[in-house]
Amino acid sequence: MTDPTANSSHEPHKRSADPRAAYKPITLEDVQQKEDEFFKDMDTPVAKGSAAMLFAAIFFLGRNSYFMSPLLVLILLACVLYRMNRRERTIAAIPLTFAAIRLGTALGDDFTLNAVSTFSTLLRLKSTGVTWLPLFLAAVLFYTPWKHSRTSQAIFWQSLVYLMSGLLPLDGFFVVSTMITFSIFFVITITLILDLTKDWLPNSLPEVRILESSPAHS
């Protein structure tokens, strides 16, 4: 009889799989982790508490000092970039940073000791909100639930306009800052009403079913 194993060929030696060739799908968690890698340490209880003390100290120490305005602009820039994802930072980081640096340097050059010591200059700058508005916008952006409320979204766009106004001449920035200062009350009031009433209203009205009795068969 013929040996059945005589014609069988030896199986080729299997090479070990290259780990680099393994299929590794990119998950949503991986994308979010890469996007938030630069600001990942800011979303912790320690960072939130430290930021609260920093915001409070800057507000109480510099609420009447125009010399703190360039620092407030940089803080607002950091909070705006913190609320952006990776794609948004790639698009807007350079113009925003350039506008913020230009605005900070212009404010530092304009707010000299001789300039802000006159009563007319102080009266003109009071309505612009440069001593408190950027810090307020930064604090709201840092602590509000991002993209889960109309309030945070409205504050984000106002902060974007505030920073981009650094590309204007300084008088133009004062006009934009004054407009935001006078309109922010109405904007926040309206968005807060919309956000709060959304949780109070029911998602859908209860269905009312009218049961009609079928006619009796004679």
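Brief remarks follow.
- Scanning the range 149-166 for residues that are open to solvent by 20 Å² or more (accessible area, probe 1.4 Å), closer than 17 Å to Val130 by Cα and not aliphatic (A, V, I, L, M) gives a single hit, Gln158.
- Counting only helices (runs of 4 or more DSSP H) that fall entirely inside the range 52-148 and contain at least 1 residues that are small (Gly, Ala, Ser), at pLDDT 80 or above and open to solvent by less than 30 Å² (accessible area, probe 1.4 Å), the qualifying elements are 69-82, 86-110, 133-143.
- Residue within the range 160-175 that is outside any helix (DSSP H, G or I), modelled with pLDDT under 90 and not basic (Lys, Arg) present: no
The values are calculated or read from the model by the stated rules, or taken from the named source; none is laboratory data. Just so it is clear, the model here is predicted, and its values are computed rather than measured. Calculation scope for accessible area: heavy atoms of the full protein, side chains included, ligands and nucleic acids excluded. Shrake-Rupley method; radii C 1.70, N 1.55, O 1.52, S 1.80 Å.
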